[in-house]
Each structure stands twice: as C-alpha cells, then as structure tokens.
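Scroll down for the structure; my scribbles are underneath it.
The values are calculated or read from the model by the stated rules, or taken from the named source; none is laboratory data. Everything numeric here is computed off the predicted structure, so don't read it as measured data. Cβ: placed from backbone, ideal geometry, glycine included. Neighbour counts: every protein chain shown. Only protein heavy atoms, including side chains, enter the accessible area calculation; ligands, DNA and RNA are left aside. Shrake-Rupley method; radii C 1.70, N 1.55, O 1.52, S 1.80 Å.
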Amino acid sequence: MNTELTLDINDYLPLRDVVFNTLRQAILKGELEPGERLMEVQLANKLGVSRTPIREAIRKLELEGLVRMVPRKGAEVASITEKDMKDVLEVRTALEGLAVQLACEKIKKADITELIAANKEFENAIKTKDLTLIAEADVAFHDIIYKITENQRLIQTVNNLREQMYRYRLEYLKDEKKHAKLIAEHKDIIEQLKMRDVEAVTESIKQHIINQEKSIGKTIHKNN
C-alpha cells in the first residue's frame, strides 16, 4: 500500500468517525483502488491510530458496499461492478422520478430561484476542478428538489441510500467532458419544473441518470 493517507482531523467527531471518513474519501476518490487490500496494522501505522478504529471503519465501509471481505485474504476495496451500478441507479431513477413529479405540484417561485443559484454553484465548483466540491454541489442541487416535495419518507429513503449513490456520482463526475452537459441538463430540469411539465421533467431526470449509467458502464468495460 503506497497510498499517502492523512487523517482529516475534526475536533467535533469521535476518532472512529474521523478514520471512517478518511478511508471513505480515499476510496471514493480512487486513492485506495478497487482490489487493494486494507490491512489493519498498515493503516493504523499510516494514520497514527490503534487498530480498533480501523477495524470499526472497515466494518462500516463493508456495509456501504465500498469494502468486501475475502476469505483467507481479509478486507479489500470493492470493485465497481455493472450489476451494483444498475441496481443503485435503478432505485435512484425511481426516487428522482417521484421527486420531480411531486415537486411539480408544490414548487414555488422561491424554489426556482434556489435551484438556479444551486446550479450556478455547481458551475463554480466545476471551475475549481475539485471533485469532492463538484459532487457536493451536484448533491445540493438534487437535494433542493427532494426538499420541495415535502415528503419526509422520500427524503429519509434518499438519505439511507446516499452513500451508495455517491460513489457512482463521483465516478461519473471524473469525466470532465460531461460537465457542460450536466449543467445544461440541470437547466432543463429547472425550466420544466417551473412550467410544471410533469411528463417532460420525468423524462429529463430519467435521461439524466441513464447518461450516468452509460458513461460509468463504458469505464467498467474498459477496466475489465
């Protein structure tokens, strides 16, 4: 393991959460690569902590699908598989479709203003080329649509799946050629929500996610 890992210290979080967040970000950004073994002693030495928070973090990462346990080998970074991606994005398509349909009924002028501002923030994040910042701005845009629905069960379901969706979002955003298209797609979604065009916005959000699936699928095939 040649990866340089630095503990992202946060005075407000317990050490186990800091270790978990550090390893999680390293996996999502590709600093810890698919198939790479996660050896407790080595990680503990790199991060300057005991093995206990490392062990706890690995268990949590396994629950998120970012780590898998291999018999006689131990923990390793899970690969991105086409099946996992399709499963996650199918669920996301259904949730986002429902969200925009409900949002069409409840959207207000102030919500449109907020969405326009969020898409501008997304554009600004893209200019920084900071992948984490871009992903967070994209999440923030979609979160506004969920908030507009006023459906707490829907929001809760999305939050439960957030981590699993994040890996694929980040993988898609690595392709800089897609950034301008994403901005344009967001603008279409805003306009269709403004017009309360349920059919058009449902199709747009579906295509928005299909484009992500196609792009990541090509990457998976290229790497296999």
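Among the criteria (1) modelled with pLDDT of 95 or more; (2) of a type outside the set (Gly, Ala, Ser); (3) closer than 26 Å to residue 21 by Cα; (4) buried (at least 16 other Cβ atoms within 10 Å of the Cβ), the one residue 156 does not fulfil is (4). Criterion first (in a helix (DSSP H, G or I), under 19 Å from residue 206 (Cβ atoms) and open to solvent by 70 Å² or more (accessible area, probe 1.4 Å)) does residue 147 satisfy it? So residue 147 does not fit the description; no. The set of residues in segment 88-133 that are part of a helix (DSSP H, G or I), among the β-branched types (Val, Ile, Thr) and in contact (Cβ under 8 Å) with a residue 40 or more places away in the chain comprises 88, 91, 93, 100, 112, 116, 126, 132.
Conditions tested, residue by residue: (1) among the small types (Gly, Ala, Ser); (2) assigned to a helix (DSSP H, G or I); (3) under 21 Å from residue 171 (Cβ atoms).
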| residue | (1), (2), (3) |
| --- | --- |
| 31 | no, no, yes |
| 41 | no, yes, no |
| 62 | no, yes, yes |
| 79 | yes, no, yes |
| 86 | no, yes, yes |
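Can you find even one residue in segment 18-30 that is of a type in the set (Val, Ile, Thr), surrounded by fewer than 16 Cβ atoms within 10 Å (Cβ to Cβ) and modelled with pLDDT of 90 or more? Looking through segment 18-30, none of the residues is of a type in the set (Val, Ile, Thr), surrounded by fewer than 16 Cβ atoms within 10 Å (Cβ to Cβ) and modelled with pLDDT of 90 or more.
Every test in (1) closer than 17 Å to residue 136 by Cα; (2) outside any helix (DSSP H, G or I) is passed by residue 169 save one, and that test is (2). Note on segment 97-117: residues that are crowded, with 20+ Cβ neighbours inside 10 Å and of a type in the set (Gly, Ala, Ser) total 2. Among the residues of segment 166-214, the one identified as more than 18 Å from residue 91 (Cβ to Cβ), crowded, with 19+ Cβ neighbours inside 10 Å and modelled with pLDDT under 95 is 173. For the structure I just gave you, tell me whether residue 68 is at pLDDT 90 or above, open to solvent by 70 Å² or more (accessible area, probe 1.4 Å) and either farther than 27 Å from residue 161 by Cβ or not in a helix (DSSP H, G or I) (or both). Here the answer is yes, as residue 68 does meet what is asked. A single member of 155, 216, 209, 189 is hydrophobic (A, V, I, L, M, F, W, C) and more than 17 Å from residue 103 (Cβ to Cβ), and it is 216.
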